[in-house]
Amino acid sequence: MASSAGVLKSSTRANRKRVVDNIAQPPPPPDFPRRFRVTPLQAVGIPLLLLLPALHLLGVLDAATTRAAFTNGEWQVEYELTTRQRYQKPVHLRLHLTNLAPAIRALTVVVDSAYLSQFVEVRATPPLDHHGATPVLEIAGGATAVVRLDLTPAMPGWVGGEVAFRGDGIDRAIRLRSFILP
């Protein structure tokens, strides 16, 4: 009996092999020239998708800072502003106020409340009051005071406003504008 079981197994395998050999194979595919096809939408979309990483690698989408200064003979004001920043990263504004006169002079820095309303968090040194003004800064002759603002934007897009300088021998404002990337 043991030998008949072994014969049965081998004959079953042979039958399966014959059945597989007898199954009809599909016909070969037709010969036609293969072409690379791109729709008009893909022709525009693929380069745009490649453009974003390229711009990032070139640093175009990184933070950018602008520095400027003005003087009126009695005061020298230098400022540094982050003009391009990522969303939820702080925009930095640094004001260096130098008294060019020999005597102590008073100065107040007033940040536009409409400008401040575009930010969810405002940190300032020295602190601003509820009108956006610093306390009166008493600056000795030839000395420099620094006002620092770190502003976290509320949403992506353009933010803009003014910073005014008011005091002994100065009454001037500068326009601020930054772009917040998504």
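Some notes on this structure:
- F179 under 15 Å from Q85 (Cα atoms) and part of a strand (DSSP E or B): yes
- Scanning region 129-145 for residues that are touching a Lys or Arg at 6+ places or on another chain (Cβ under 7 Å) and surrounded by fewer than 12 Cβ atoms within 10 Å (Cβ to Cβ) yields nothing.
- The residue of region 24-62 that is surrounded by the most Cβ atoms within 10 Å (Cβ to Cβ), among those that are within 26 Å of L181 (Cβ to Cβ) and among the small types (G, A, S), is G45.
No lab work stands behind these numbers, since they all come straight from the coordinates. Just so you know, these numbers come straight off a predicted model, no measurement behind them. Neighbour counts are summed over all protein chains in view; Cβ atoms, including those assigned to glycine, are modelled from backbone coordinates with ideal geometry.
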